[in-house]
Amino acid sequence: MKGCLFLQRRFAPIGCHIARQLLKYGVKEFCIYTTPRTAYQFLSSQKDLPITKILLDEDIYKKYQKEKLDWEYLKWLETEYGLPNLWHYLGIDRVIMHGQLIREYPHDKPTLSYEDMLRVLQVISKEIIKFFKEEKPDFLFTTVIGSTASLLLYHIAKKMGIQILSLNYSRIKNGIILTEDYRT
């Protein structure tokens, strides 16, 4: 059994601990999608975990600047993964839509043009689809869904039949739950 982990920011060390526990229950290896580079560096140093591939979101994101818009691909993406359209994948991302990095004052102004937003969406979705096809994980373990990449990971995995395990707060005392739907 193979797991795909979405490990971001300071959750990466906690995610590694969870991965070590999952090894005891039959998971043999992991592929990881992560952000930012500090999390990537930490994850790359974990020699005791059987990690087959780590994708770094910021390296993928940078590719949009050289990406040519492929309207046929975007039309296909919207047909396959639209909610009912692709706008939700961009609207959830506070950096793209509001120029707001973590703990920054919101500017409430998109940081990218409409075409550049589509390029970002195109690049990230292509990389995630390729990643899942190559790595063939049995499940996706994720926490907070709050960016273009994390929402795409969730919906592409779901459409491909990859089991979803989303760690969320139960909102009862300090409880934590695992759910298949990040919204509940």
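The values are calculated or read from the model by the stated rules, or taken from the named source; none is laboratory data. Please read all numbers here as calculations on a predicted model, not as lab measurements. Counting neighbours? That spans all protein chains shown, and the Cβs are built from the backbone with ideal geometry, glycine included. Note: areas computed on protein heavy atoms with side chains; ligands, DNA, RNA excluded. Shrake-Rupley method; radii C 1.70, N 1.55, O 1.52, S 1.80 Å.
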- Task: Report the FRET efficiency, 1/(1 + (r/R0)^6), for Gln65 and Ile14, where r is their Cβ-Cβ distance and R0 is 25 Å, rounded to 0.05.
- Result: 0.15
- Return the lysines within reach of Lys68: Cα separation strictly under 30 angstrom, same-chain partners fewer than 8 residues apart disregarded; answer none if there are no such residues. Lys53, Lys109, Lys126, Lys130, Lys133, Lys136, Lys158, Lys159
- Item | Span per principal axis, largest first, for the Cα atoms of the chain (Å) | 46, 37, 31
- Message: Can you tally the net charge around Val27? Count Lys and Arg as +1, Asp and Glu as -1, for every other residue whose Cβ sits under 12 Å from the Cβ of Val27.
- Response: +2
- Relative contact order for the chain, counting Cα pairs under 8 Å that sit 6 or more residues apart, in percent: 21 percent
- Item | Extension gain, Glu72 back to Arg171 (0.36 nm per residue minus Cα-Cα distance, nm) | 31.4 nm
- Query: Roughly how many Å² is the accessible area per residue of segment 114-184, as a whole number, for a 1.4 Å probe?
  - Reply: 50 Å²
- Task: Express the carbon and sulfur contribution to the solvent-accessible surface of the chain as a percent, rounded to the nearest whole number, probe 1.4 angstrom.
- Result: 54 percent
- Positive-end residue of Leu83, Ile129, Gln163, charge dipole of the chain with Cβ unit charges: Gln163
